[in-house]
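The values are calculated or read from the model by the stated rules, or taken from the named source; none is laboratory data. Everything numeric in this text was worked out from a predicted model, so none of it was measured. As a convention, Cβ positions derive from the backbone with ideal geometry for all residues, glycine included, and neighbour counts pool all protein chains shown.
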Amino acid sequence: MSWRVTAVLGLCWIGAMSGIHSGTAQSIYIGGDDIALKSGESTELGQIYYIGVNCQSLLQAPPGVEILDGPPGVTAAIREADVVPLDVGCSTPVPGGKLVISANTIANYSVTPMVLRILLKTILGDREYSRNVNLTLLP
């Protein structure tokens with residue numbers, strides 16, 4: 001066997017072995033980045049999950065969210081739920097949650113950016129993802 005064939009086979013083996021743990025699908029599906037809320041309203045912004053290439057959940061705990069920047073009177077929470085990650089080709093429900101944004105009493109019209117951090121505890125370690133949302137608030 002020539003050294004070229006040996007080198008190619010070696011690189012293929014290294015690629016196959018390193019791909020065992022690194023191949024995960026995307027973990028967040030947020031439909032829109034522009035939302036509008038009136039006083040007292042809530043909206044579901046998207047699904048949160050973390051799966052491997054075989055559509056199996058890699059989460060060890062329910063996902064969390066924190067607001068890094070945003071208007072007062074607006075909250076973000078993840079409602080624990082089984083979700084179907086259709087956007088990555090999976091058809092069975094997996095543990096995860098639904099991201100919900102809620103507005104309390106809104107005194108004045110405003111258009112404000114909101115920065116969210118999604119917190120995930122997975123078998124591969126802790127993961128954090130940021131999402132920007134343009135939020136229009138109406139009294």
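Restricting the search to the range 37-93, which residues are farther than 19 Å from residue 121 by Cα and basic (Lys, Arg)?
Across the range 37-93, the qualifying residue is only 38.
Is there any pair with a first residue in the range 116-139 that is free of Cβ contacts under 8 Å to residues at least 60 places away in the same chain and a second that is of a type in the set (A, V, I, L, M, F, W, C) and surrounded by fewer than 14 Cβ atoms within 10 Å (Cβ to Cβ) whose Cβ atoms are under 8 Å apart and which are 6 or more apart or on different chains, and what are they?
From the range 116-139, the pairs are 116/68; 117/68.
Pull out all pairs, ordered by first then second residue, where Cβ-Cβ is under 8 Å, the residues are six or more apart or on different chains, the first lies in the range 38-56 and is of a type in the set (Asp, Glu) and in a loop (DSSP other than H, G, I, E, B), and the second is at pLDDT 95 or above and surrounded by 15 or more Cβ atoms within 10 Å (Cβ to Cβ).
Between residues of the range 38-56 that are of a type in the set (Asp, Glu) and in a loop (DSSP other than H, G, I, E, B) and residues that are at pLDDT 95 or above and surrounded by 15 or more Cβ atoms within 10 Å (Cβ to Cβ), the close pairs are 41/103.
Hey, which of the strands (runs of 3 or more DSSP E) in the range 66-139, taking only ones fully inside, have at least 2 residues that are farther than 26 Å from residue 37 by Cα?
Passing ranges, in order: 94-103, 110-122, 125-138.
Residues of the range 91-135 being surrounded by fewer than 16 Cβ atoms within 10 Å (Cβ to Cβ) and in contact with a Phe, Trp or Tyr (Cβ under 8 Å, 6 or more places away or on another chain), which ones?
Within the range 91-135, just 117 meets the criteria.
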